[in-house]
Every structure is written in C-alpha cells, then in structure tokens.
Amino acid sequence: MPGTEGSGRLEDLYSACGPEAGRLALLMTGDRELAADIAQEAFIRAAGRFHDLRSKDSFRAYLRTTVVNLTKSHFRHVAVERRHLARVAGFAEPSLSQTDLGDRDLVEGALQTLPHRQRAAVVLRYCMDLSLKGTAEALGTTEKAVESLLYRGLATLRTELEVDG
C-alpha cells in the first residue's frame, strides 16, 4: 500500500524522537499528562514540516524548539486565565507546598519556579545535554543570551534548593 511506507517512517521517527520530546516537556511543565499532550502536539506540528527539513537531526532540533514554544504558550494562556479569574471572582491560588519530597522532586519543583526562558535554558543545557549552540538554536537566541539565562537560572535554583533543603 502506498501510505504504509511513509507511515512506517513516521513511526520510526516518533520512536527515535518522541521520548526525548516527552522528557523535555515533562521537565518544562512538571506535569506528566500535560507533558504528554505537549510532546504529541509538537510531534504532529514538526512532522507536518518534515518535508521542509534536511535531516533527522534537523527534525530533532525543530521538535525541541516546538516543545519549548508550546510550553511557553501553555503557561502564558494559564497566566491569562488566572488573572481573569482573580479579577472576576476574587480567585486565590492554592499554595504549593513541597514537603517530604525526594531530591529529584525538589529539583523539579525548583525548576518550576524559574521564569520560562531560564527554565528552558537550564533544561535544554543540563537535562537534555545540549551544547550552548544547540540550546541557543532551540531558544532562538544567542549563545551569550543562553549563558546569561543559565547564570541567572542556576543562581535562583541554588537559592531555592538552599531554602527548601
């Protein structure tokens, strides 16, 4: 069948790139279900552009960038929703307590306190093991900007982890 061959390549591409996209989304969001949704949406969007890309490595980079952008978009939407609810109904957000969590949970929780671009830089560079150049490409910025984001993000993480630890 004509569609079967292309479908098999898409499945292979998902097998090769999907788990990494899922890990990135999880580290960016801290929520497994949301991360799975974002990773799948990013894969669908990236796969739609696959014919425009030159190689599987280009696909990986495009997929990472798409995950970062979808995460940013999600949190922007949530912030708008919360501000609206606060204005309309006097809505107060419940406080997030992180007691009795393991080290990994503490680090993941501390990551969630970072502004989006700092969190993205830290996750891409240290959790996804990208180079400065790869991180800069994924964020659509310069290596110098990534260095600055990493410096500020890591300083905040150190402070957060000292307070919690």
Note to self: I'd like to check something: does the stretch 100-120 contain any residue that is basic (K, R), at pLDDT below 80, at negative phi and part of a helix (DSSP H, G or I)?
What the structure shows: yes
Notebook entry, point to check: Say we look at the stretch 127-165 and pick out the residues that are acidic (D, E) and in contact (Cβ under 8 Å) with a residue 40 or more places away in the chain; which of these is surrounded by the fewest Cβ atoms within 10 Å (Cβ to Cβ)?
Noted result: D164
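Taking the conditions exactly as written (under 21 Å from T141 (Cα atoms) and either at pLDDT below 75 or crowded, with 17+ Cβ neighbours inside 10 Å (or both)), does T4 satisfy them or not? Break it down stepwise before answering.
Values: under 21 Å from T141 (Cα atoms): no; either at pLDDT below 75 or crowded, with 17+ Cβ neighbours inside 10 Å (or both): yes.
No; evaluated as a whole, the condition is false for this residue.
The values are calculated or read from the model by the stated rules, or taken from the named source; none is laboratory data. Values in this document were obtained by computation on a predicted structure and should not be read as measured data. In this analysis, Cβ positions are derived from the backbone assuming ideal geometry, glycine residues included, and neighbour counts consider all displayed protein chains.
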